[in-house]
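These notes concern the structure reproduced below.
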Amino acid sequence: MLKHLRRCLCVRKRHAVLLFLGWIFAGISLLAADDGQRTLGPEYLGPTALAARTDGSLLYVACEDASQVAWVRTCDGQVIRRVDVPAPPTGLAMNTDQTQLVVTCGAPQSTVVVLDALNGQTLQTMAAGHTAVSPVISPDGQRLYVCNRFDNDVSAFDLATGQRLARIAADREPIVAAITPDGHRLLVANHLPNTRTDHAFQGNVSPLITVIQTDSWETSVIELPHGANSIRGMSLSPDGKYALVTHILSNFESLPFRVDTGWINVNVISVIDVPRLERIATIGVDDYYRGAGNPWDVLWSADGTMVGVSVAGTHELAVIHVDDFFSDQARRTMQPMMVAWPIYPSLGASLWRRIPLPGKGPRGLAAAGSRIFVAQYFSDSIAVVDLAEDNEPHVDSLLLGDPPVMSEIRLGQMWFEDATLCYQHWQSCASCHPDARVDGLNWDLLNDGPGNPKNTKSMLLSHATPPSMALGVRATAELAVRAGFVHILFNEPPEEVSAAIDAYLKSLRPVPSPYLVDGRLSPLAERGRQLFHSDRIACDRCHPAPLYTDLQAYDVGTRTHQDRIPRFDTPTLVEVWRTAPYLHDGRYTTIRELLVEGRHGLNRQLELTDEEVDALVEFVLSL
């Protein structure tokens, strides 16, 4: 009946029906978004971050989905204590004498909880910023540093009193930090690039490492190689000389007509010389014919002789001896050469040992003695890899609860992040859409012909706002998901995999904007809302609430010589604060630039005061 009805509707009415259905979907989604995340239910634990006592007798596990921290006795795998925390735990840190466990609990208004490391009693709480992650305690035990991911800054606290000492600006989504053994420098890795990516931009596109001098709060930056994105992990060597940073390195300026040997994405560790504050190498984790899709965490073994990397997309632990990692052979044969084929210059075997893990979705790591512990997010378990043996390492698994019964949504998330669904395992859907959002890059996908790169779009509300892609070349997100497997991952999985990914993407909820004040529009944003909906400016003609798109395509005067047609799909503005750079080709890094320099959507004769621009920007970034 629905098919017959659609045939009878004219184009205008068809768009009206889609818009109405989209409004209903978005309204339900926005009402359900009480915590800014997906609705998974309490049945999942979701271990993400770990900390271990020095002797390896006890393991602390941040269970993100259950909003609890588990105490696990490693001799028999028993969970001896579960401590509920105010919001999903995103990171753990222990003080030097191992008496206190610091837990960052990520939320729009995050809480840092200090627990007694033996009995789990709450000793102290501190208020942090939006989505606090990666707690770091200074070597003298006096200070605590916390990354406020979506506030783009770092909080410094006096650990004894809980007093906040400073908030230091980072760059874009500071996601992991580490401190030097002398406590003088805090290295903060930003998740994504914060630059233009259009064809006219000739600068370096990469995330930055923000270096904070802890005695003065002065900052400097270290650039990663051009094309770097999606930083997840960082670890300092025991002597503080080197920092290792896991990330993806994208060949985004070349046509992605193949995926083999890492033509689109490679998976790497960048090496930072800490005293000199510069990157000295980028070492691949991949094999020549087998990718290591989506590296997550990295650490040094307890004795400093081994480096381990959790490979989230292929469900492995990759380990390498430090001497091999820093050898001339590694630099000569394991450094990717972007915009070249083959990507890796060596036909020889990789120096990495890749150890299959018993669970799915490895994330956080911890080490004690000869053992490396791995949080297995989708399996609600911990892998224990003992490297004491010279031959094959011994691998065991510690269950944190009953084996999870995977819903279609949970399966969809797992497959969205699963690089084994890609030919040669180089990448997953999450490689270009970390957290199902954006990587901050332009890609010249062949679905609309070569030579016209487009900025990566967020998957949030993608199924409610057809068509898909900047030019609307896919009528629905369902079609785009299946085309992505064929043309980007170069594979065609069973239909139930794509259907589960559809279910996962439909379950996504917008994260509340960091521009909101106690969950509401600020007075300036409220003024911007009135201007947005006014007859004079009328942004809502193309961006009506609640989806903030009318599902139409328009010529807004942004076509370049690379674009084949002048009309572009109107994107949703929901969570636009998170999706820079802006326009289809990523030519503007801020909404202000889009309005003032690009005059996007504005009558060319219309002049706005600075105050009006401020208000409009504040409102749009609050959505």
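When you check D563 against the structure, is it out of contact with any Pro (no Cβ under 8 Å at 6 or more places or on another chain), on the phi < 0 side of the Ramachandran plot, acidic (D, E) and in a helix (DSSP H, G or I), yes or no? It is false that D563 is out of contact with any Pro (no Cβ under 8 Å at 6 or more places or on another chain), on the phi < 0 side of the Ramachandran plot, acidic (D, E) and in a helix (DSSP H, G or I). Only residues that are out of contact with any Leu (no Cβ under 8 Å at 6 or more places or on another chain), closer than 22 Å to Y145 by Cα and of a type in the set (S, T, N, Q) were counted across segment 69-99, and they come to 3.
Out of all the residues in segment 210-256, which are of a type in the set (G, A, S), farther than 19 Å from M334 by Cβ and buried (at least 24 other Cβ atoms within 10 Å of the Cβ)? Give the steps one after another, and end with the answer.
Filtering segment 210-256 for residues of a type in the set (G, A, S) gives 216, 220, 227-228, 230, 233, 235, 237, 240, 243, 250, 254.
Add one more test, that the residue is farther than 19 Å from M334 by Cβ, and what stays is 216, 220, 230, 240, 254.
Correct list: S230 only.
Go through segment 325-433 and tell me which strands (runs of 3 or more DSSP E), entirely inside it, have 3 or more residues that are of a type in the set (G, A, S).
The strands (runs of 3 or more DSSP E) meeting that bar are 362-368.
A search for C-beta distances below 7 Å between a residue of segment 452-471 that is farther than 20 Å from F416 by Cβ and any residue that is of a type in the set (D, E) and surrounded by fewer than 22 Cβ atoms within 10 Å (Cβ to Cβ), counting only pairs 6+ apart in sequence or on different chains, returns N452/D444; N452/D563; P453/D444; P467/D569; A470/D569; L471/D448; L471/D569.
Take the conditions modelled with pLDDT of 85 or more and either under 27 Å from the mean Cα position of the chain (by Cα) or crowded, with 17+ Cβ neighbours inside 10 Å (or both) and apply them to L30. Does it pass? No.
The criterion of at least 1 residues that are modelled with pLDDT of 95 or more and within 30 Å of D116 (Cβ to Cβ) is met, among strands (runs of 3 or more DSSP E) falling completely within segment 130-239, by 132-137, 143-148, 153-158, 164-169, 174-179, 185-190, 208-213, 228-236. Residues in segment 368-403 that are surrounded by fewer than 15 Cβ atoms within 10 Å (Cβ to Cβ) and among the acidic types (D, E) were compared, and the one that is farthest from R354 (Cα to Cα) is D402.
Restricting segment 66-91 to residues that are among the hydrophobic types (A, V, I, L, M, F, W, C) and touching a residue at least 60 places away in the same chain (Cβ under 8 Å) leaves a set whose member that is nearest to V154 (Cα to Cα) is A70.
Which residues, counting only those in segment 385-404, are closer than 13 Å to V61 by Cα and hydrophobic (A, V, I, L, M, F, W, C)? Write out each step before concluding.
Step one: of segment 385-404, the residues closer than 13 Å to V61 by Cα are 398-401.
Within segment 385-404, L398, L399, L400 qualify.
Scanning segment 258-283 for residues that are in a loop (DSSP other than H, G, I, E, B) and surrounded by fewer than 16 Cβ atoms within 10 Å (Cβ to Cβ) gives R258, P275, R276, L277. Of all residues in segment 520-562, those being small (G, A, S) and under 15 Å from L623 (Cα atoms) number 4.
Restricting Y548, Y554, Y515 to those that are farther than 30 Å from N265 by Cβ, surrounded by fewer than 16 Cβ atoms within 10 Å (Cβ to Cβ) and not charged (D, E, K, R) reduces the list to Y554. Out of S462, S431, one residue alone is more than 23 Å from F378 (Cα to Cα), modelled with pLDDT of 95 or more and crowded, with 22+ Cβ neighbours inside 10 Å. It is S462.
The values are calculated or read from the model by the stated rules, or taken from the named source; none is laboratory data. Being a predicted model, the structure only gives us computed values, none of them experimental. Here the Cβ is made from the backbone with ideal geometry for all residues, glycine too, and neighbour counts use every protein chain on show.
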